[in-house]
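Taken together, the values in this text are just the output of simple stated rules run on the coordinates, not laboratory data. Computed from a predicted model, the values in this text were never measured in an experiment. For neighbour counting, all protein chains shown are included, and Cβ atoms are generated from backbone atoms with ideal geometry for every residue, glycine included.
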Amino acid sequence: MTPALLALACLLAVTFGYIGLCAVSPFGDCRKCRGFGFALTHDRKGRPKRGKHCRRCDGHGKRIRVGRWLYNRAVRIHRAGTR
């Protein structure tokens, strides 16, 4: 197998794997709060405590994945164009 063909096969495997992930689980953890919905802070003794509400995910801890967002946008444009 040539290196170019092997690279193409790996790229296709990663792409189809991400498409499958977006289909099965369209929401992923928020990158800012790591899925908690709030920032972790520490008190003066060093113990973790609940911090501020996460503004990026609005406190839900989940965000829509980029691939799912693109799919939703494409479906919306197609649906609007075929009415």
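Here are the numbers for the structure shown:
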{"quantity": "Number of the condition not met by residue 52 [criteria: (1) basic (Lys, Arg); (2) assigned to a loop (DSSP other than H, G, I, E, B); (3) in contact with a Phe, Trp or Tyr (Cβ under 7 Å, 6 or more places away or on another chain)]", "calculated": "(2)"}
{"quantity": "Where residue 77 falls short, out of the listed (1) in contact with a Ser or Thr (Cβ under 9 Å, 6 or more places away or on another chain); (2) without any contact (Cβ under 8 Å) to a residue 12 or more places away in the chain", "calculated": "(1)"}
{"quantity": "Members of the stretch 55-74 that are in contact with a helix residue (DSSP H, G or I) (Cβ under 6 Å, 6 or more places away or on another chain) and not in a loop (DSSP other than H, G, I, E, B)", "calculated": "67, 68"}
{"quantity": "Residue among 28, 67 that is surrounded by 13 or more Cβ atoms within 10 Å (Cβ to Cβ) and in contact with a strand residue (DSSP E or B) (Cβ under 8 Å, 6 or more places away or on another chain)", "calculated": "28"}
{"quantity": "Qualifying positions in the stretch 21-33 - farther than 15 Å from residue 69 by Cα and among the aliphatic types (A, V, I, L, M)", "calculated": "none"}
{"quantity": "Pairs where the first residue, in the stretch 40-52, is in contact (Cβ under 8 Å) with a residue 12 or more places away in the chain and the second is part of a strand (DSSP E or B) and of a type in the set (A, V, I, L, M, F, W, C), C-beta under 8 Å, 6+ apart", "calculated": "50/38; 50/40; 51/38; 51/39; 51/40; 52/38; 52/39"}
{"quantity": "Pairs where the first residue, in the stretch 9-20, is within 14 Å of residue 65 (Cα to Cα) and the second is surrounded by 10 or more Cβ atoms within 10 Å (Cβ to Cβ) and not aromatic (Phe, Trp, Tyr), C-beta under 8 Å, 6+ apart", "calculated": "18/67; 19/67"}
